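Coordinate-derived values only; no laboratory data. It should be emphasised that the depicted structure is a prediction, and the values quoted were computed from it without experimental measurement. Heads up, the Cβs are rebuilt from the backbone with ideal geometry, glycines too, and the neighbour counts pull from every protein chain shown.
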Amino acid sequence: MTRLGGQSLIPQSPTLDVTAFADPLFTSAIGKFLMHNYTLWLLAIGVVVLLVAWLPLLLKKLPLSLPIIFVGLGMAIFALTPLGTFSPHPVEAPVLIEKATEFIVIISLMGAGLKIGRPFTITNWNITIRLLAVVMPLTIGAIALSGHWILGLPLASALLLGACLAPTDPVLASDVQIERPSGDDTDEARFALTSEAGLNDALAFPFVHLALVASAGGLGLASLGTWLWHDVVWRLSVGAAMGALGGWLLGQIIYRLPEDTRLSRTGDGFIALGATLAIYATTEFAYGYGFLAVFVAGVMLNRSAKGDAFNSELHDFADETERLVMMVLLVLFGGMLTGGELLANVGWNNVAVAALVLLVIRPVIGWLALIDLPRPALERFIIAFFGIRGLGSVYYLAFALNHGNFADQHALWETVGLIILGSIVLHGLSVTPLMRKLNRADTSAG
């Protein structure tokens, strides 16, 4: 090598700092702990994934649900192992929580849409319309008032609490939803809860944005007018339009192209994931509600399938992806309850609000909204009672706290966490006997 005065004439590349390329996860304390026990964690993950597939068969006749099992598992893991020291309080990891729950909600919404084949008419969707137009707004108002009066939350935080807890969760409500894609949605309770969960996540978003407006500077005529146009009219319209257009376009590509080029020929269920992400992201770029677009697109894909078995392949992949991600998030939620001490400061006021939400507000408002319908009392009770709260509520709360300035963040997380835990236990223990009783009643009536 030619040198001048001991220096190389050829430019030298800077010395590479290998540690700069190391994944920060594996250089952190938790990363070192995971790597030290790497093989053990592979075993644990493998066992848990097998349980995700096997437990539904074992639990079919028991008053238990998958969410109860995995939250309990997470609580045990983070309470009895060194992992407990790594479990953060949600206030400390809001961005990670927002993005993880956002992903599972959109996958769940696509799966819900793919199951619905009932044509949209006011008669066919009468119960769903009542749940969305009457029950949800009244529930938001009632929860907001309880948060203000019992928890002492200011207006913006109380409104946010109502908006987060009003929607029926599409992720944890699988036990009361339509089980498989079908053009014959004759089970009114399952159809109502599936369609409600598919739509009210998007319809609650304007109220989350209203809470953000309130947190930014209060509610005046100008800010309310902007909110009404931008966050209600525009975003809902764009979400519905992008979902319908995107679902129709993908339906043509999947089912209507010449047989040798249509996507359904591949048999690849992961197309559901691609469709979900593409439609959601495109809608968000257009400042619409991606949640609404994904659900509408799923319904449109079901209609385009016209009985094609590939629709079931799409649904099954979405369902399997949802269950795997749900398992991880519920284990982490369990860890937040113990290692993260999410409920460490819960008091009687939080318990009172949780009891009102789960046992009074949703069931009573739902029952009154459906009382004049010519449907069996048990069916109306089940629809009103199973307003399951879950990961969708976590997403909305994390989203709002990441984009606004709300007081009493710990109180909000404690109350939402307690209500989700209560919903998982209450609805998980009651779903099997109540749905079995409803099935027997339907069989007897038929």
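For this structure, a couple of remarks:
- Karplus 3J(HN,Hα) series, Hz, for the stretch 76-81 with 6.51 cos²θ - 1.76 cosθ + 1.60 (x for Gly, Pro): 5, 4, 7, 8, 10, 10
- Diffusion coefficient, µm² s⁻¹, Stokes-Einstein with Kirkwood Rh over alpha-carbon pairs of the stretch 65-445 at 25 °C and 0.890 mPa s: 117
- Choice from A166, A222, A100 with maximal GNM fluctuation in the chain (Cα, 10 Å cutoff): A222
- Relative contact order computed over the stretch 215-296 (Cα-Cα under 8 Å; 6+ residues apart), in percent: 42
- Total formal charge among the other residues, if their Cβ is under 9 angstrom from that of F399, Lys/Arg +1 and Asp/Glu -1: -2
- Each of M136, M435 has some number of other Cβ atoms within 10 Å of its Cβ, and from fewest to most they run M435, M136.
- Summed residue charge, Cβ within 14 Å of M336's Cβ, Lys/Arg positive, Asp/Glu negative: -3
- Among L438, S223, V213 the positive-end extreme of the charge dipole of the chain (Cβ point charges): L438
- Restricting the trypsin sites (Lys or Arg not before Pro) of the stretch 28-88 to loop positions (DSSP other than H, G, I, E, B) with no more than 11 neighbouring Cβ atoms within 10 Å leaves K60, K61.
- Nearby lysines by direct alpha-carbon distance to K437 (threshold 27 angstrom, same-chain neighbours under 8 apart not counted): K60, K61, K115
- Student exercise, the chain dipole from Lys, Arg, Asp, Glu Cβ charges, in Debye to nearest 20: 420
- Distance from the stretch 406-435 to the stretch 251-276 (C-alpha centre basis), Å: 38
- When E92, E98 are arranged by Cβ crowding within 10 Å, least crowded first, meaning fewest neighbours, the order is E92, E98.
- Only Cα pairs under 8 Å and 6+ residues apart enter the sum, and on that basis the relative contact order of the chain stands at 29 percent.
- Seen through its C-alpha gyration tensor, with square-root eigenvalues sorted a ≥ b ≥ c, the stretch 244-324 comes out oblate because a/c lies at 1.5 or above while a/b is not bigger than b/c.
- If you sort the three axes of the alpha carbon gyration tensor as a ≥ b ≥ c, you get a/c of 1.5 or more for the stretch 40-119 and a/b no higher than b/c, which makes it oblate.
- Most fluctuating residue given options A197, A44, A354, as computed from a GNM of the chain linking Cα atoms under 10 Å: A44
- For A158, net neighbour charge (Lys/Arg +1, Asp/Glu -1) across residues whose Cβ lies under 15 Å away: -2
- Selection from W54, I140, G269, by position along the positive dipole direction of the chain (Cβ): W54
- Listed by chain and number, the aspartates and glutamates whose alpha-carbon sits under 18 Å from that of K32, ignoring those within fewer than 8 places in the same chain, are D23.
- For the stretch 307-409, the fraction of alpha-carbon pairs lying more than 20 Å apart is 64 percent, rounded to a whole number.
- Three-way shape call for the stretch 188-255 based on the alpha-carbon gyration tensor, with the a/c threshold at 1.5: oblate
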